[in-house]
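Worksheet for the structure shown next.
The values are calculated or read from the model by the stated rules, or taken from the named source; none is laboratory data. In this text the structure is predicted, and so the values were computed from the model without any measurement. Positions of Cβ are backbone-derived with ideal geometry, glycine not excepted, and every protein chain shown enters the neighbour counts.
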Amino acid sequence: MKKTKTHELPKRLLFTLLILAVYMAGRSLLLYKVDSAAYQLEELNSQNIVISMISGDRYQYTIFALGIMPYITATLLMWIFMAIRGAEFRARYSPQKTERMTLIIMLVLAVSFALSRSDSLIFKESRLAPETLKMIAILEMVAGAFIIHKMATWNKSKGIGGQTPIILVNILDNLFFTLQKFNWEAFQKPLLLCLVMGAVILVMENVLIRIPVQRVSIHNFYADKSYIAFKLDPIGVMPVMFAVSFFMIPQLILRFVMLFFEDNRSLQMVYESLSLTNPAGAAVYLGIIFALNLLFSFIMLTPGEMAEQLQKGGDSIVDIYAGKKTKRYLRRKLLLLCVFSGCVFCLMMGFSLWLSMGGEIEPELALFPATAMILVGILCPLYREVKTYRKFDSYSFFILKDPKSSTYSNRFERM
């Protein structure tokens with residue numbers, strides 16, 4: 001009998017590296033006639049630095065200017081839509097249809113983001129009219145967003161981490177840029193905060209709250225090992241990652257309203273207060289983190305549906321009656337974890353913003369600790385995925401997938 005190794009991990013790592021090489025190449029291709037020299041002296045604040053983690057290049061003037069943001073936002077909207085419609089609707093909704101709807105939403109968002117971005121682009125002198133150059137730039141950015149969507153989809157099926165490696169590249173780029181911009185003295189306190197916050201997130205990502213479950217189908221040694229598990233941060237660092245994007249929404253709404261009420265000083269004062277260097281703006285930002293932590297957790301983990309699935313399978317949580325009591329128990333447990341993790345997120349980010357407003361750290365470094373939180377938050381699942389494929393490769397198989405068909409066949413070799 002001939003045993004064969006799969007080499008799954010090296011193949012997936014190689015594919016992911018290829019995807020990242022294409023992404024890095026796209027980040028260096030300027031939009032048609034964009035004047036890159038006009039951006040060299042622009043300063044990036046802490047808000048823009050965090051946004052660029054899920055957008056494309058730092059100044060957003062290449063064909064990958066929109067980055068992964070349209071795809072991630074479209075995916076989140078589909079998750080929300082599916083959660084609202086319920087489990088029965090999801091069972092009838094095919095994965096292919098879900099993928100098509102996600103693509104349509106992604107393209108709509110990409111067009112919207114590209115239109116907004118095109119107004120602030122600076123072009124070189126050209127025979128073409130400025131409006132024509134803007135239209136070309138919009139088409140290039142939308143095409144770039146579509147390419148990134150495809151790369152993330154392919155990497156999800158053939159590589160490692162889905163869209164996470166793309167976000168990781170953006171984070172590392174921001175880190176190198178920030179390190180070059182400030183001296184060591186300016187980095188001492190933010191770096192200490194990064195280490196503390198990274199350690200806290202590492203603990204929260206790996207500590208599990210286990211809820212023991214009695215399963216009617218298991219009557220052996222493993223009956224006592226069945227449980228529902230929640231992390232200390234049930235949904236990870238997604239709230240911190242997307243808080244700045246949601247923080248921009250009231251800013252954009254106020255900016256639009258101010259077009260019609262230019263002389264309204266009250267609106268102007270509210271708009272100026274919505275900055276991370278202002279206590280009111282910082283409070284709004286922290287409130288968004290807390291709210292997103294609750295919203296994402298209940299939408300994606302759906303404790304109500306967990307209870308229904310347990311009841312349908314005849315299973316139950318130990319010492320808890322099936323049905324409504326199980327549903328209330330799971331919701332209460334998830335709510336407590338969300339409140340705890342939300343308070344931890346807000347406490348850590350609030351302390352960094354407080355130091356910034358007090359002049360203890362540079363304003364541009366106010367959200368720098370968030371980078372450490374997001375970095376640890378995405379590296380943990382990446383490590384677990386790599387570890388899984390490594391264990392998979394440690395086995396030798398005599399049943400392998402036939403490369404010329406979609407079926408599995410036994411491959412034996414007579415001794």
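Data overview
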{"item": "Hits in segment 69-95 (condition: within 23 Å of Gly161 (Cβ to Cβ), without any contact (Cβ under 8 Å) to a residue 24 or more places away in the chain and not hydrophobic (A, V, I, L, M, F, W, C))", "result": "Pro95"}
{"item": "Residue satisfying condition, being surrounded by 15 or more Cβ atoms within 10 Å (Cβ to Cβ), out of contact with any Cys (no Cβ under 7 Å at 6 or more places or on another chain) and of a type in the set (Lys, Arg), within set Arg265, Arg331", "result": "Arg331"}
{"item": "Enumerated helices (runs of 4 or more DSSP H) restricted to segment 1-108, each holding at least 2 residues that are at pLDDT 85 or above, within 30 Å of Ser394 (Cβ to Cβ) and among the aromatic types (Phe, Trp, Tyr)", "result": "none"}
{"item": "Flag for Glu140 being buried (at least 19 other Cβ atoms within 10 Å of the Cβ), among the acidic types (Asp, Glu) and either modelled with pLDDT of 85 or more or outside any loop (DSSP other than H, G, I, E, B) (or both)", "result": "yes"}
{"item": "Phe177 being touching a helix residue (DSSP H, G or I) at 6+ places or on another chain (Cβ under 9 Å), in the same structural domain as Ser120 (by TED's automatic domain parsing), surrounded by fewer than 22 Cβ atoms within 10 Å (Cβ to Cβ) and within 28 Å of Phe368 (Cα to Cα)", "result": "yes"}
{"item": "Residue satisfying all of: in segment 268-302; among the aromatic types (Phe, Trp, Tyr) and under 18 Å from Ile374 (Cβ atoms); surrounded by the fewest Cβ atoms within 10 Å (Cβ to Cβ) among these", "result": "Phe290"}
{"item": "Total residues in segment 153-170, condition within 13 Å of the chain's Cα centre (by Cα) and modelled with pLDDT of 90 or more", "result": "0"}
{"item": "Unmet requirement for Phe256, which otherwise passes all of (1) modelled with pLDDT under 75; (2) at positive phi", "result": "(2)"}
